[in-house]
Amino acid sequence: MNKKAAVHNLGCKVNAYETEAMQQLLEEAGYEIVPFGEKADVYLINTCTVTNIADRKSRQMLHKARKLNPDAIVVAAGCYAQTDTEKLKNDQTVNLILGNNQKHQIVEVLEAYEKEHKKDLRVIEINRTKEYENLSISRTAEHVRASIKVQDGCNQFCTYCIIPYARGRVRSRKPEEITAEIRTLADRGYQEVVLTGIHLSSYGVDFKEEKENLLSLIQAVHEIEGIRRIRLGSLEPRIITEEFMEGIAALPKVCPHFHLSLQSGCDRTLERMNRRYSAAEYREKCEMIRRYYPSPALTTDVITGFPEETEEDFRESFEFVKSIHFYETHIFKYSRRQGTKAASMDGQLTEAVKAQRSEILLKLNEQRETEYEEAMLGKELEILLEEEIELDGRSFLLGHSREYIKTAVEKKEGLKINDLVKAKAVRLMENHILLAE
């Protein structure tokens, strides 16, 4: 066929997984994949809608594709295509619109368009489906680590979040399909998998007969030969129970790296966000993790400048974050998203206030990150080598420790990408890279 396709992903790890799955479907159908900046016959943009800025970026990429080749077929897929279908229907830039749960049809819709040259719209009422869209990958752009989507949708309806409207209700992937995909990747040499989903903690809640949950899935993945490490995507605090922690602590392949969503350390703000836990409960969960793992990497997300967040609320949140001693805190300035409850709340704050509060948390994050990394000095770390880099005129192999700290070892004969090595951390270098020997 010799047709060229360029693919661009916007947004989260789940989107990235789905983009790779669609790209592999195109390759199997005979398309040659070219970089996005080049001229192509098809431009596929997997869009994001998490904020108004994400919407804007999605539109910009669609328009950029049209400029790159006015005669190309431009496909808008994913979350923005799902939530703003009407806008895209009227956008002459876009030829095909694929909502969520329809991405597996990418080759079919392109073939239909080639015959009829008619704008096609494949968008279902995502909140009404119980079907999990079974996309899969046999390789990934990363050479040593593969993110595996195991779950879609969210039932939480946090007041700032559009995702339940874009992704629908919780739908879990069958464990046997997940393990089959991971076996394929393990056979190809991948040693680390990251289990990811839109609301990972909800995995299995929609299964009627099967008594499956996230713990039983992790246990099944642990049995797969060739997989040496298991990481977990973002977790909700309430999944951290004695049973869950006891279960994963018994599995040596599970990495001591936990991303536990917080969003605010102030109870008043958490309540208005509809987060369903208190700061005290969150603290208990962090303490529980630390009982089972001596020095885990705890990371989190925090939103600053949520509607009605007073200076006192912010200070309460800041002091809470400070007291937990996270390894990394991802800080987001509240972004007003049309279609969510928070967008119509009173007490919207100025960008200047959000930026000022964000800056305070960023300084704390820099300090805590350095503290955690320095605490690793003198310890033996296990590093999965991922790429070659130059530092101070010398060649190093860079990878991540089990705690997900960037760690470099000097390049020596016999060492190669995808090796799993043990070395002692001796120095913290620039860009938060530990040197190990």
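The values are calculated or read from the model by the stated rules, or taken from the named source; none is laboratory data. Treat the numbers as computed from the prediction; the structure is a model and nothing was measured. Note that we place each Cβ from the backbone using ideal geometry, even for glycine, and neighbour counts take in every protein chain shown. Remember, those area values only see protein heavy atoms, side chains included, never the ligands or the DNA or RNA. Shrake-Rupley method; radii C 1.70, N 1.55, O 1.52, S 1.80 Å.
Quick notes
- Packing-based ranking of 298-306, 173-181 yields 298-306, 173-181, ordered from highest to lowest mean Cβ neighbour count within 10 Å.
- Centre separation in Å (Cα based) which lies between the stretch 76-120 and the stretch 175-231: 31 Å
- When the chain is treated as a GNM with alpha-carbon contacts under 10 Å, the residue of ARG169, ARG231, ARG56 showing the greatest mean-square fluctuation is ARG56.
- Inter-site label distance for ALA250 and LYS89 at 7 Å from Cα along Cβ, in nm: 5.4 nm
- Peptides 241-247, 208-214, 285-291 ordered by average Cβ neighbours within 10 Å, highest first: 285-291, 241-247, 208-214
- The residues of the stretch 1-100 expose on average 41 square angstrom of accessible surface per residue, using a 1.4 Å probe on protein heavy atoms.
- Going by accessible surface with a 1.4 Å probe and the largest first, MET429, MET273 read MET429, MET273.
- Compared with the alpha-carbon gap, the fully stretched path from LYS119 to ILE417 is longer by 102.8 nm at 0.36 nm per residue.
- Per-residue [θ]222 nm for the chain (sum of -39500 (n - 2.57) over DSSP H runs n ≥ 4, rounded to 500): -10500 deg cm²/dmol
- Protection proxy ranking, highest mean first, for peptides 232-238, 32-38: 232-238, 32-38, where packing is the per-residue count of other beta-carbon atoms within 10 Å, averaged.
- The amide H of MET376, built 1.01 Å from its N in the peptide plane, has no neighbour under 5 Å, considering only residues 5 or more places off or on other chains.
- Charge dipole of the stretch 1-103 about the Cα centre (unit charges at C-beta), most positive-ward option of THR93, VAL42, GLN24: THR93
- Dipole check for the stretch 46-141: with +1 at the C-beta of Lys and Arg, -1 at the C-beta of Asp and Glu, and the Cα centre as origin, the magnitude is about 340 Debye.
- Å² per residue, accessible surface of the stretch 261-330 at 1.4 Å: 40 Å²
- Charge context of ARG66, other residues only, Cβ under 14 angstrom, K/R +1, D/E -1: +2
- Separation of the ALA375 and GLU308 label points, Cα + 7 Å toward Cβ, nm: 3.6 nm
- Percent accessible area from carbon and sulfur atoms, the chain, protein chains only, probe 1.4 Å: 47 percent
- Gained length - GLU387 relative to GLU27, 0.36 nm times residue gap less alpha-carbon distance: 127.0 nm
- The residue among PHE314, MET429, LEU232 whose Cα reaches farthest toward the positive pole of the charge dipole of the chain, with charges on the beta-carbon of Lys, Arg, Asp and Glu, is PHE314.
- Simple spin-label estimate for ARG183 and GLN338 in nanometres, 7 Å along Cα-Cβ: 4.9 nm
- Summed over the residues of the stretch 335-437 and divided among them, the accessible surface reaches 54 Å² per residue at a probe radius of 1.4 Å.
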